[in-house]
């Protein structure tokens, strides 16, 4: 179960992540019929555990839900695999016999806490960088998903055109899924805002899906780095 996926400054941008996480927990309990007091733990994935997402977001979501306050909650960060890791931890707890019922998932509102906010805000306060001297000496490079993507494209000899077509096919599949209601059963309608009027709306469709012929638009995008192959069109 999930809410619809929002986009930057989109329909979910004014929601608090703890409230959104608590709402999904409540919806899950309602649909499954599991008694709230039978839940042993809640594990949520979140990359930017900073600002509104700091202070153990998993626990904050518990306190925002109808679960008893005695139910613990924790948050894990494996970057883009954080929610998947939460599911793994939950499964391992049940498989080991140490817990019986664990709620796992993830929540992130990037309009409120953008990627890199913890690093950038930390720099402003002179809190240091994540990479220490040993890492800098060992690798002599700045870590970046985009650098990694460029290296993989080069290593596997994937052309710019192939990458563009991958992005176009991805949107086409998303349009088909939306039109045929493939994900309708898993999406929980939630409160959002109309980004043009500011009025409250019922938010129940994934944002960011682009329709129509995209080849001209995607092929005209600039690469993220000079001489590279990666553009915003493949993400």
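No lab work stands behind these numbers, since they all come straight from the coordinates. None of the values given here were measured: they were computed from a predicted structure. In this analysis, Cβ positions are derived from the backbone assuming ideal geometry, glycine residues included, and neighbour counts consider all displayed protein chains.
Quick look at the numbers
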item	result
Binned Cα-Cα distances of the stretch 92-227, short to long, each 5 Å bin given as a whole percent	2, 6, 9, 11, 13, 15, 16, 15, 9, 4, 1
Whole-angstrom gap from the stretch 63-135 to the stretch 187-235, using each part's C-alpha centre	25 Å
Between helix 160-179 and the chain: long-axis angle, C-alpha atoms, 0 to 90°, nearest 10	30 degrees
Inter-label distance, nm, simple model (7 Å from Cα along the C-beta direction), residue 195/residue 31	2.5 nm
Along each principal axis, Cα extent of the chain, largest first, Å	57, 51, 39
Difference of contour (0.36 nm per residue) and Cα-Cα distance, residue 100 to residue 125	4.7 nm
Three semi-axes of the equivalent ellipsoid, the stretch 136-201, Cα gyration tensor, whole Å, largest first	37, 21, 12
Between 0 and 90°, nearest 10: helix 82-96 axis offset from the chain longest Cα axis	40 degrees
Net lengthening on full extension, residue 91/residue 224 (0.36 nm per residue, minus Cα-Cα)	44.1 nm
Additional length obtainable on full extension of the chain from residue 184 to residue 204, 0.36 nm per residue less Cα span	6.4 nm
Calculated FRET efficiency for the pair residue 79/residue 136, C-beta based, R₀ 22 Å, to 0.05	0.70
Using alpha carbons only: equivalent-ellipsoid semi-axes of the stretch 1-106, gyration tensor based, whole Å	22, 16, 13
Acute angle (nearest 10 degrees) that the helix 17-32 long axis makes with the longest principal axis of the chain, alpha-carbon atoms	60 degrees
FRET efficiency for residue 157 and residue 211, using Cβ-Cβ distance with R0 set to 45 Å, rounded to 0.05	0.90
Compactness relative to 2.2 N^0.38 Å, alpha carbon Rg of the stretch 49-133	1.29
